[in-house]
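Read through the structure below, which is laid out as structure tokens, and then see the notes.
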Amino acid sequence: MCKGREEQVKDLNCNVSTVAKSNYNGIMAKKPVYFGGKMFEELKINGKEILRYCETNPKYILIQFIDGNDEGGLEEEIKLIKAFTDKPFAFVGIRTKRWNDELSPWKAEPVFGRQGFGGEANKNLDYLRDNVGGIKKTCSLDVGQPVILGGYSLAGLFALWAGYESSIFSGIAAASPSVWFKGWREYIRGKGMKSSAVYLSLGLKESRTSNKRLSEVENCIKMQYNEFSEKNHIKHILEWNEGNHFVEVPLRMARGFSWVLNNI
């Protein structure tokens, strides 16, 4: 049952679990941990620049590939996650320098502008496979404790793809993922998701664009949701947010990570 969605998009069959509420005024987040006056520590692990947040005795680690657009909202994101869940966690933001290339699962032509997609996501997945144990140790997590991979936009698509390709992730938080990506619908048909909990979200206005490829995003996210609905072993949800692609990114990511934390 989609609560309220029918009135906003009457020409599409609604097959989602809930509608996200964007208004979070009055949320009282628990005080985060700071290191020397900063929430995040900066370090390098095997060539990757990392922003790390560690609570005392974390039981889960959240990993998100980020760029400069994400970094300004990370403190807000952490505070909101803490407001939405009591689960103790560590967070690692991994910086990307070539967003379109590093996070795309295969090569594709440009969708906007002249920059295409290099299809180098396998390198980042290999990096996680090789280094996730070491990343956990930097926050005093045991090797077997759960890893949740999340991301926004193309990083959200990367998180979904990685969940299909590897079993090292207990949950996936994909906020406004780029499921419009050429070849994605063909890729997921009949393919098994290896993570046990998957969060999806999309803005209500994201498909309202003259760009033919991007305008398919709503149909694509609903197909993605329906694929999970056919798999009884996967906990999943699709939340709709007010606005377009560039609205309340820290809140959308926080809702995703916290939902997975509360459902694994």
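Hey, among the residues in region 178-197 that are under 18 Å from His236 (Cβ atoms) and over 16 Å from the mean Cα position of the chain (by Cα), which one's surrounded by the most Cβ atoms within 10 Å (Cβ to Cβ)?
Selected residue: Trp184.
Condition first: touching a strand residue (DSSP E or B) at 6+ places or on another chain (Cβ under 8 Å) and over 18 Å from Ala175 (Cβ atoms). Now tell me which residues in region 67-99 satisfy that.
Correct list: Lys87, Pro88, Ala90, Arg95, Arg98.
Test each condition in (1) of a type in the set (S, T, N, Q); (2) part of a helix (DSSP H, G or I); (3) farther than 23 Å from Ile81 by Cβ for Ser258 and report the one that comes out false.
(3)
Say we look at region 84-139 and pick out the residues that are of a type in the set (A, V, I, L, M) and touching a Pro at 6+ places or on another chain (Cβ under 8 Å); which of these is farthest from Glu186 (Cα to Cα)?
Among those residues, the one meeting the criterion is Ala90.
Cβ-Cβ below 8 Å, separation at least six or inter-chain, first residue in region 92-118 and closer than 17 Å to Gly47 by Cβ, second assigned to a strand (DSSP E or B) and acidic (Asp, Glu): which pairs?
Between residues of region 92-118 that are closer than 17 Å to Gly47 by Cβ and residues that are assigned to a strand (DSSP E or B) and acidic (Asp, Glu), the close pairs are Ile94/Glu49; Arg95/Glu49.
Got a sec? Which of Ala155, Ala175 is at pLDDT 90 or above, touching a Gly at 6+ places or on another chain (Cβ under 6 Å) and either over 18 Å from Leu261 (Cα atoms) or surrounded by 16 or more Cβ atoms within 10 Å (Cβ to Cβ) (or both)?
When all the criteria are applied, what remains is Ala175.
Please go through region 208-264 and give me each residue that is within 17 Å of Gly156 (Cα to Cα), among the hydroxyl-bearing types (Ser, Thr, Tyr) and at pLDDT below 95, ordered by number.
Tyr225
Would you please name the residue that is surrounded by the most Cβ atoms within 10 Å (Cβ to Cβ), looking only at residues in region 85-120 that are under 25 Å from Ile148 (Cα atoms) and charged (D, E, K, R)?
Glu102
Taking region 215-229 on its own, how many of its residues are surrounded by 16 or more Cβ atoms within 10 Å (Cβ to Cβ) and of a type outside the set (Asp, Glu)?
So the answer is 8.
So, Val143, is that one aliphatic (A, V, I, L, M) and surrounded by 16 or more Cβ atoms within 10 Å (Cβ to Cβ) or not?
Answer is no for this residue.
Which one is surrounded by the most Cβ atoms within 10 Å (Cβ to Cβ) among residues in region 239-255 that are of a type outside the set (Phe, Trp, Tyr) and assigned to a strand (DSSP E or B)?
Per the criteria, the residue is Asn241.
The values are calculated or read from the model by the stated rules, or taken from the named source; none is laboratory data. Given the structure is predicted, the values throughout are model-derived calculations rather than measurements. Heads up, the Cβs are rebuilt from the backbone with ideal geometry, glycines too, and the neighbour counts pull from every protein chain shown.
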